[in-house]
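Peer 1: Can you keep this structure in mind? I'll have questions shortly.
The values are calculated or read from the model by the stated rules, or taken from the named source; none is laboratory data. Remember, it's a predicted structure, so these values are computed and weren't measured experimentally. Because the Cβ atoms are built from the backbone with ideal geometry, glycine has one as well, and the counts that use them run over all protein chains shown.
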Amino acid sequence: MNPTIRQITAVLLPLLLLGVTGCESTKVAPDPTANQDINRLQTAFTVQRGTSAADLIQHLGEPQRRYPFKKHDVEAEVWVYERVVATDSELVIMGSQTQSYWDRNTEELIEYEEPVYEHQVSTTVEVTEILLVDDAVSAWKRRAKDENSVAGKTR
């Protein structure tokens, strides 16, 4: 066999085999607990005065935090629910660094400042605090909290 034909065969045969076998992505099974949380948030539910703690857990799940609340002679508990409502990312300038190159025309070393970019993730979290007195909703408030992180550092 001619050496050129051997070389061509050595290159084309693996490529042909790779093309024939193809590629297939593996399917990822959905996490059933994640779907329950998503469905729980998508179901319409209105918090009203007098709604029981059991109804809150049934529709919203367990709160992320609970803490006691005492004012005058009333003992109550505050339940805090948090959920991400928006996420955005962008590149931001975090500083600059000096770069240099040799200019052949002027035969000089030229220095210049170049911006340094880092990835920033901005997340808006909806925080709902519900005041429960005797295991029933008495009051609630909702607010948005913005969180930013750059290269894994929260700011």
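Peer 1: If you go through region 112-129 one residue at a time, do you hit one that is of a type in the set (D, E, K, R), under 19 Å from SER52 (Cα atoms) and modelled with pLDDT of 90 or more? Working first, answer last.
Peer 2: First, the residues of region 112-129 that are of a type in the set (D, E, K, R): 113-114, 118, 126, 129.
Checking which are under 19 Å from SER52 (Cα atoms) leaves us with 129.
From what is left, the residues that are modelled with pLDDT of 90 or more are 129.
Yes, that holds for at least one residue.
Peer 1: Can you report the number of residues in region 125-139 which are loosely packed, with under 14 Cβ neighbours inside 10 Å and under 14 Å from ALA86 (Cα atoms)?
Peer 2: Here the count works out to 0.
Peer 1: Something else now. Just checking, how many residues over region 47-92 are assigned to a strand (DSSP E or B) and acidic (Asp, Glu)?
Peer 2: 5
Peer 1: Since THR106 meets every condition but one in (1) in a loop (DSSP other than H, G, I, E, B); (2) at pLDDT below 90, which condition does it not meet?
Peer 2: THR106 satisfies all of (1) in a loop (DSSP other than H, G, I, E, B); (2) at pLDDT below 90 except (2).
Residue-wise test of (1) among the acidic types (Asp, Glu); (2) free of Cβ contacts under 8 Å to residues at least 24 places away in the same chain.
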residue: ARG65; (1), (2): no, yes
residue: PRO68; (1), (2): no, yes
residue: ASP73; (1), (2): yes, yes
residue: VAL78; (1), (2): no, no
residue: TRP102; (1), (2): no, yes
residue: GLU107; (1), (2): yes, yes
residue: GLU111; (1), (2): yes, yes
residue: HIS119; (1), (2): no, no
residue: ILE130; (1), (2): no, no
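Peer 1: Further question: Does GLN48 qualify as being touching a residue at least 60 places away in the same chain (Cβ under 8 Å) and loosely packed, with under 13 Cβ neighbours inside 10 Å? Lay out the reasoning, then the answer.
Peer 2: Details: touching a residue at least 60 places away in the same chain (Cβ under 8 Å): yes; loosely packed, with under 13 Cβ neighbours inside 10 Å: yes.
So GLN48 passes the test.
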